[in-house]
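K.L.:
Here it is: the structure, laid out below.
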2 protein chains.
Amino acid sequence: MLSISNRGKDMPASPIRKLVPFAEAAKKRGTKVYHLNIGQPDIETPKMVLDAVRNSDFKVLEYSHSAGNESYRRKLVGYYESVGIHVNHQQIIITTGGSEAILFGFMACLDAGDEVIIPEPFYANYNGFAVAAGVKVVPITSQIENGFALPPIEAFEAKITAKTKAIVICNPNNPTGYLYSAQEMEQLKAIILKHNLYLFSDEAYREFCYDGVNTSAMHLQGVDDHVVIMDTISKRYSACGGRIGALITKNQAVLDAAMKFAQARLSPPSFAQIAGEAAIDLPTNYFDTTKAEYKSRRDIIVQRLNAMDGVFCPNPGGAFYAIAKLPIDDADMFCQWLLEEFSYNQVTVMLAPATGFYSTPGLGKQEVRLAYVLNKTDIDAAMDCLEAALKAYPRKTN
Amino acid sequence: MLSISNRGKDMPASPIRKLVPFAEAAKKRGTKVYHLNIGQPDIETPKMVLDAVRNSDFKVLEYSHSAGNESYRRKLVGYYESVGIHVNHQQIIITTGGSEAILFGFMACLDAGDEVIIPEPFYANYNGFAVAAGVKVVPITSQIENGFALPPIEAFEAKITAKTKAIVICNPNNPTGYLYSAQEMEQLKAIILKHNLYLFSDEAYREFCYDGVNTSAMHLQGVDDHVVIMDTISKRYSACGGRIGALITKNQAVLDAAMKFAQARLSPPSFAQIAGEAAIDLPTNYFDTTKAEYKSRRDIIVQRLNAMDGVFCPNPGGAFYAIAKLPIDDADMFCQWLLEEFSYNQVTVMLAPATGFYSTPGLGKQEVRLAYVLNKTDIDAAMDCLEAALKAYPRKTN
């Protein structure tokens, strides 16, 4: 009998996917499902970005440079400059989505058996890339009570072993929405310098900070060789399907190694590089509008959640996610119940159980992640529905 | 001091890339360089394929399904049916280029330390994906004297160990152009059945067979669980930059495992899936024209090469590559010399030293790969140049 690989067995399934059949069944029954479960924004991709692709006139859809089109990388230098990140175009490798930047970073810096520390709850797919790379994820739990702030330095030091090679952060954070302060970033700098670690910084949501400013890992001084940024245009320009991201580092050895992985897969997608390059010419006030929209959605969803009996939702400083603690027995069962058994005015809501974002077993059982990627009217309707659901749920804890 | 990973060190650099600076320098000196070194076709991407993207009218560039758009996969079923491959849409996972199909296949079926047997010379990037997956490549040498036919069954059996999990073939072959016969495919079937191995079959050049017919690994009977096809639209429709491929298997466990890797990277590129889907509606005679063009190019390049003193080039049955044995000391040095020191009527030619396609050290030192991806006039001019170069080269062996 042929068997699949152990890593194929160990590979975690998407924590959200198991609920998809229940959502599909609900829709077949005529129930409208509000999707607050995934980070697919409803914000339109800027027309000029799509038009750049639609108005292209090349005759052959050719491979690009393995690091991405030089014209795009050169323009990105200006974009990064505008957010205080000073790099040259040779320090940028265009990747197929932020996903591939994570994979290349892990592959270039980490060997099988190496350990990476990640504050949990964390973006579930880090697990997947860790399994692909044979790397062990060591979680440090952040607490909903303090809004998922960076755990204290002692918590990191307690987890560091001879095999620890890196700390992974996502800032602003998916799934918590937490925005690390400049002081917290300095704490991380102290740890990576003291223990000679890489700092992988996923900055996919850089533009979406509502209270306070974003501190990039590349704003830190004196850690150029330690920092690897994973970036993407997916959220920045509502262009998730483009699959265009970037790995950025000033560490030449990491760049050289990552380039070899980039060459093996030939090139990132050509169409969407045109879109990415066009996006850099968006008016500087483009993010103002989008950010204001997300902020007002955040304000509504957090206010609505905290007004519900027994619900606690810390106010996220960035990204477009919030984690709420609900008065329920089990988030996985509750989210399934919402789709399978509940409806309110022919409507229900799909949420992501937070258990999928924790690596420590048993954590997050009362928590759900909500992505505020719907307009305010829909968010309000979804919150009406959730409020009614919490009243009707038979296995409440208060 | 921070160090990169061992796999980052072990990762092979592109065997062609080291020559790029010499090509660039030649161009700066005013020398025209004929690129026969890479498989980037000059054939135009069909206009209706590009127009499908250009005429798209969606407002949000969304993630697709992790396995690719269902509409695309359903249409692909018809395409595969037309080439005698009977699968349903759930047995197809759309990948980011054929590259990602190779990666997912390796990741889903193989663990670190496992061995795969590959007839050499082989597509150099298999090495890269093997390093990424921690898999050991065991080469079996095929011989230029018999046109790079499949090595005898005994050669495979001599290499099989307890760790052997798969055989990888590319058919028609890159870099040799060899087209495996139905009988050779049956030989492979016997081996994989006897030793319980996977057969990874890279069929990127399926449409381009000039002498004889293509036998897909999925034409073999009774090995459904063993066969994993890696496919791509890159060469089929001259759409390399789209980065759309597919992993196809009837082995449900492999599909399930590969889907988890697919979910971790979210989705394949959305724009080019539109292109891929449109391509299925090309008129059935589309390939006739392209194939006739490649065949006539092959006929010219092989005839010209064999007419040169001391040169031997077997006639490739498919794809758009040929390997030629030249009367030279060292193909790497010769290819560099062509770019660095030689020109003929202000022209030179860039070739790929075949050493990069062999895994056994020392092999291929007198061989080069030529991709016939230029029009016939250019191929003739490139051959004039190569012929003159061979006369002028100071380190000839005959």
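The values are calculated or read from the model by the stated rules, or taken from the named source; none is laboratory data. Quick caveat, the model's predicted, so the values are computed rather than measured. Heads up, the Cβs are rebuilt from the backbone with ideal geometry, glycines too, and the neighbour counts pull from every protein chain shown.
K.L.:
Run down A:Met218, A:Met230 and say which single residue is in a helix (DSSP H, G or I), in contact with a strand residue (DSSP E or B) (Cβ under 8 Å, 6 or more places away or on another chain) and over 30 Å from B:Gly356 (Cα atoms). Working first, answer last.
P.N.:
On the way: A:Met230 fails: in a helix (DSSP H, G or I).
Of the residues listed, the single one that is in a helix (DSSP H, G or I), in contact with a strand residue (DSSP E or B) (Cβ under 8 Å, 6 or more places away or on another chain) and over 30 Å from B:Gly356 (Cα atoms) is A:Met218.
K.L.:
Just the residues that are in a loop (DSSP other than H, G, I, E, B) and under 19 Å from B:Lys391 (Cα atoms), please, taken from region B:313-331.
P.N.:
Going residue by residue through region B:313-331, those that are in a loop (DSSP other than H, G, I, E, B) are B:313-317, B:319-320, B:326-327, B:329-330.
Of everything in region B:313-331, those that are in a loop (DSSP other than H, G, I, E, B) and under 19 Å from B:Lys391 (Cα atoms) turn out to be B:Cys313, B:Leu326, B:Pro327, B:Asp329, B:Asp330.
K.L.:
Something else now. Give the residues of region B:329-357 that are farther than 11 Å from B:Leu19 by Cα, under 26 Å from the mean Cα position of the chain (by Cα) and surrounded by fewer than 18 Cβ atoms within 10 Å (Cβ to Cβ), sorted by residue number.
P.N.:
The one that is farther than 11 Å from B:Leu19 by Cα, under 26 Å from the mean Cα position of the chain (by Cα) and surrounded by fewer than 18 Cβ atoms within 10 Å (Cβ to Cβ): B:Asp330.
K.L.:
If you don't mind, another one. Taking the condition in a loop (DSSP other than H, G, I, E, B), more than 13 Å from the chain's Cα centre (by Cα) and either within 11 Å of chain B (Cβ to nearest Cβ) or of a type in the set (Asp, Glu) (or both), does A:Val223 pass? I'd like the intermediate steps shown before the answer.
P.N.:
On the way: in a loop (DSSP other than H, G, I, E, B): yes; more than 13 Å from the chain's Cα centre (by Cα): yes; either within 11 Å of chain B (Cβ to nearest Cβ) or of a type in the set (Asp, Glu) (or both): yes.
Against the criterion (in a loop (DSSP other than H, G, I, E, B), more than 13 Å from the chain's Cα centre (by Cα) and either within 11 Å of chain B (Cβ to nearest Cβ) or of a type in the set (Asp, Glu) (or both)), A:Val223 qualifies.
K.L.:
Go over the candidates B:Ser181, B:Ser267, B:Ser216 one by one and state the one that is buried (at least 23 other Cβ atoms within 10 Å of the Cβ), small (Gly, Ala, Ser) and either in contact with a helix residue (DSSP H, G or I) (Cβ under 6 Å, 6 or more places away or on another chain) or modelled with pLDDT of 95 or more (or both). It would help to see each step written out before you state the result.
P.N.:
Details: B:Ser181 fails: buried (at least 23 other Cβ atoms within 10 Å of the Cβ); B:Ser216 fails: buried (at least 23 other Cβ atoms within 10 Å of the Cβ).
Of B:Ser181, B:Ser267, B:Ser216, the one residue that is buried (at least 23 other Cβ atoms within 10 Å of the Cβ), small (Gly, Ala, Ser) and either in contact with a helix residue (DSSP H, G or I) (Cβ under 6 Å, 6 or more places away or on another chain) or modelled with pLDDT of 95 or more (or both) is B:Ser267.
K.L.:
Would you mention how many residues in region B:26-48 are in a helix (DSSP H, G or I) and in contact with a helix residue (DSSP H, G or I) (Cβ under 9 Å, 6 or more places away or on another chain)?
P.N.:
First, pick out the residues of region B:26-48 that are in a helix (DSSP H, G or I): B:26-28, B:47-48.
Still in the running and in contact with a helix residue (DSSP H, G or I) (Cβ under 9 Å, 6 or more places away or on another chain): B:26, B:48.
Number of matching residues: 2.
K.L.:
What do you reckon, is B:Gly78 in the same structural domain as B:His226 (by TED's automatic domain parsing) and either more than 18 Å from B:Ala262 (Cβ to Cβ) or modelled with pLDDT under 95 (or both)?
P.N.:
Yes: the conditions hold for B:Gly78.
K.L.:
(1) closer than 18 Å to A:Asp202 by Cα; (2) under 21 Å from the mean Cα position of the chain (by Cα); (3) β-branched (Val, Ile, Thr): which one isn't true of A:Val87, the others all being true?
P.N.:
Unmet condition: (2).
K.L.:
Scan region A:3-25 for residues that are in a loop (DSSP other than H, G, I, E, B), more than 30 Å from B:Asn196 (Cα to Cα) and β-branched (Val, Ile, Thr) and report the count.
P.N.:
Step one: of region A:3-25, the residues in a loop (DSSP other than H, G, I, E, B) are A:3-5, A:11-16.
Checking the rest, the ones that are also more than 30 Å from B:Asn196 (Cα to Cα) come to A:14-16.
Filter once more, keeping what is β-branched (Val, Ile, Thr): A:16.
Number of matching residues: 1.
Results for (1) hydroxyl-bearing (Ser, Thr, Tyr); (2) farther than 24 Å from A:Ala272 by Cα, shown as yes or no for each residue.
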| residue | (1), (2) |
| --- | --- |
| B:Met11 | no, yes |
| B:Pro15 | no, yes |
| B:Ile43 | no, no |
| B:Ser56 | yes, no |
| B:Gly68 | no, no |
| B:Glu81 | no, yes |
| B:His86 | no, yes |
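K.L.:
So, one more: Any chance you could count how many residues in region A:1-14 are surrounded by 20 or more Cβ atoms within 10 Å (Cβ to Cβ) and farther than 20 Å from B:Glu62 by Cα? Full working, then the answer.
P.N.:
Going through region A:1-14, the residues surrounded by 20 or more Cβ atoms within 10 Å (Cβ to Cβ) turn out to be A:4-5, A:7-8, A:11, A:14.
Now restrict to residues that are farther than 20 Å from B:Glu62 by Cα: A:4-5, A:7-8, A:11.
Of the residues in that region, 5 qualify.
K.L.:
Looking only at region B:233-258, count how many residues are part of a strand (DSSP E or B) and either of a type outside the set (A, V, I, L, M, F, W, C) or more than 13 Å from chain A (Cβ to nearest Cβ) (or both). Let's see the steps before the verdict.
P.N.:
We begin by selecting, within region B:233-258, every residue part of a strand (DSSP E or B); these are B:245-249.
When the remaining residues are screened for being either of a type outside the set (A, V, I, L, M, F, W, C) or more than 13 Å from chain A (Cβ to nearest Cβ) (or both), the result is B:245-246, B:248-249.
Residues meeting the conditions: 4.
K.L.:
With the condition kept exactly as written, say whether any residue in region B:16-38 is at the interface with chain A (Cβ under 10 Å from one of its Cβ atoms), surrounded by 18 or more Cβ atoms within 10 Å (Cβ to Cβ) and either under 25 Å from the mean Cα position of the chain (by Cα) or acidic (Asp, Glu) (or both).
P.N.:
Looking through region B:16-38, at least one residue is at the interface with chain A (Cβ under 10 Å from one of its Cβ atoms), surrounded by 18 or more Cβ atoms within 10 Å (Cβ to Cβ) and either under 25 Å from the mean Cα position of the chain (by Cα) or acidic (Asp, Glu) (or both).
K.L.:
So is A:Glu44 among the charged types (D, E, K, R), facing another protein chain (nearest Cβ under 10 Å) and within 24 Å of the chain's Cα centre (by Cα) or not?
P.N.:
Details: among the charged types (D, E, K, R): yes; facing another protein chain (nearest Cβ under 10 Å): yes; within 24 Å of the chain's Cα centre (by Cα): yes.
Against the criterion (among the charged types (D, E, K, R), facing another protein chain (nearest Cβ under 10 Å) and within 24 Å of the chain's Cα centre (by Cα)), A:Glu44 qualifies.
K.L.:
Here's a follow-up. Inspect all residues belonging to region B:384-396 and state whether any of them is basic (Lys, Arg), touching a strand residue (DSSP E or B) at 6+ places or on another chain (Cβ under 7 Å), surrounded by fewer than 23 Cβ atoms within 10 Å (Cβ to Cβ) and part of a strand (DSSP E or B).
P.N.:
Step one: of region B:384-396, the residues basic (Lys, Arg) are B:391, B:395-396.
Remaining after also requiring touching a strand residue (DSSP E or B) at 6+ places or on another chain (Cβ under 7 Å): B:395-396.
Among the residues that remain, those that are also surrounded by fewer than 23 Cβ atoms within 10 Å (Cβ to Cβ) are: B:395-396.
Those still in the list that are part of a strand (DSSP E or B) too: B:396.
Yes - at least one qualifying residue is present in region B:384-396.
K.L.:
When the residues of region B:116-150 are filtered to those that are within 14 Å of chain A (Cβ to nearest Cβ) and β-branched (Val, Ile, Thr), which remaining residue is nearest to A:Lys260 (Cα to Cα)?
P.N.:
Taking region B:116-150 and keeping what is within 14 Å of chain A (Cβ to nearest Cβ), we get B:116, B:122-137.
When the remaining residues are screened for being β-branched (Val, Ile, Thr), the result is B:116, B:131, B:135, B:137.
Numbers: B:Val116: 21, B:Val131: 11, B:Val135: 17, B:Val137: 18 Å.
Filtering region B:116-150 for residues that are within 14 Å of chain A (Cβ to nearest Cβ) and β-branched (Val, Ile, Thr), the one nearest to A:Lys260 (Cα to Cα) comes out as B:Val131.
K.L.:
Taking the residues in region B:140-155 that are surrounded by 14 or more Cβ atoms within 10 Å (Cβ to Cβ) and part of a helix (DSSP H, G or I) as candidates, determine which candidate is nearest to the chain's Cα centre (by Cα). Can you show your working first?
P.N.:
So the first thing to find is which residues in region B:140-155 are surrounded by 14 or more Cβ atoms within 10 Å (Cβ to Cβ), and the list is B:140-142, B:144, B:147-151, B:153, B:155.
Restricting the remaining residues to those that are part of a helix (DSSP H, G or I) gives B:144, B:153, B:155.
Numbers: B:Ile144: 18, B:Ile153: 23, B:Ala155: 23 Å.
Checking each candidate, the answer is B:Ile144.
K.L.:
Then there is this: Condition first: part of a loop (DSSP other than H, G, I, E, B), touching a Gly at 6+ places or on another chain (Cβ under 6 Å) and crowded, with 24+ Cβ neighbours inside 10 Å. Now tell me which residues in region A:87-120 satisfy that. Step through it out loud before you land on a result.
P.N.:
Step one: list which residues in region A:87-120 are part of a loop (DSSP other than H, G, I, E, B), which gives A:87-88, A:96, A:110-114.
Then drop every residue that is not touching a Gly at 6+ places or on another chain (Cβ under 6 Å), which leaves A:112.
Selection gives nothing.
K.L.:
Within region B:368-378, is even one residue among the polar types (S, T, N, Q) and over 23 Å from the mean Cα position of the chain (by Cα)? Write out each step before concluding.
P.N.:
Applying the first criterion (among the polar types (S, T, N, Q)) to region B:368-378 yields B:375, B:377.
In the following step, the residues that additionally are over 23 Å from the mean Cα position of the chain (by Cα) were identified as B:377.
So far as region B:368-378 goes, yes, one or more of its residues are among the polar types (S, T, N, Q) and over 23 Å from the mean Cα position of the chain (by Cα).
K.L.:
Going by the structure shown, is A:Ala262 part of a helix (DSSP H, G or I) and more than 10 Å from chain B (Cβ to nearest Cβ)? If you could, list the steps in order and put the result at the bottom.
P.N.:
Numbers: part of a helix (DSSP H, G or I): yes; more than 10 Å from chain B (Cβ to nearest Cβ): no.
The answer is no for A:Ala262.
K.L.:
Scan region B:47-81 for residues that are in contact with a strand residue (DSSP E or B) (Cβ under 9 Å, 6 or more places away or on another chain), within 12 Å of chain A (Cβ to nearest Cβ) and within 15 Å of B:Ile280 (Cβ to Cβ) and report the count.
P.N.:
So the answer is 2.
K.L.:
Kindly indicate whether any position in region A:49-72 is surrounded by 18 or more Cβ atoms within 10 Å (Cβ to Cβ), aromatic (Phe, Trp, Tyr), touching a residue at least 60 places away in the same chain (Cβ under 8 Å) and in a loop (DSSP other than H, G, I, E, B).
P.N.:
Within region A:49-72, one or more residues are surrounded by 18 or more Cβ atoms within 10 Å (Cβ to Cβ), aromatic (Phe, Trp, Tyr), touching a residue at least 60 places away in the same chain (Cβ under 8 Å) and in a loop (DSSP other than H, G, I, E, B).
K.L.:
State whether the residues of region B:114-127 include one that is closer than 30 Å to A:Ser99 by Cα and either assigned by TED's automatic domain parsing to the domain that holds B:Lys18 or free of Cβ contacts under 8 Å to residues at least 24 places away in the same chain (or both).
P.N.:
no
K.L.:
A follow-up question, please. Filter region A:103-115 down to the residues that are hydrophobic (A, V, I, L, M, F, W, C) and either at the interface with chain B (Cβ under 9 Å from one of its Cβ atoms) or on the phi > 0 side of the Ramachandran plot (or both), then identify the one that is nearest to the chain's Cα centre (by Cα). If you could, list the steps in order and put the result at the bottom.
P.N.:
At the first step, the residues of region A:103-115 found to be hydrophobic (A, V, I, L, M, F, W, C) are A:103-104, A:106-110, A:112.
So of that shortlist, the ones also either at the interface with chain B (Cβ under 9 Å from one of its Cβ atoms) or on the phi > 0 side of the Ramachandran plot (or both) come out as A:103, A:106-110, A:112.
Details: A:Leu103: 14, A:Phe106: 16, A:Met107: 19, A:Ala108: 21, A:Cys109: 21, A:Leu110: 21, A:Ala112: 24 Å.
Looking at residues that are hydrophobic (A, V, I, L, M, F, W, C) and either at the interface with chain B (Cβ under 9 Å from one of its Cβ atoms) or on the phi > 0 side of the Ramachandran plot (or both), I get A:Leu103.
K.L.:
In this structure, does A:Val83 turn out to be surrounded by fewer than 23 Cβ atoms within 10 Å (Cβ to Cβ), under 19 Å from A:Ile229 (Cβ atoms) and touching a residue at least 60 places away in the same chain (Cβ under 8 Å)? Outline the logic, then answer.
P.N.:
Values: surrounded by fewer than 23 Cβ atoms within 10 Å (Cβ to Cβ): yes; under 19 Å from A:Ile229 (Cβ atoms): yes; touching a residue at least 60 places away in the same chain (Cβ under 8 Å): yes.
Criteria met by A:Val83.
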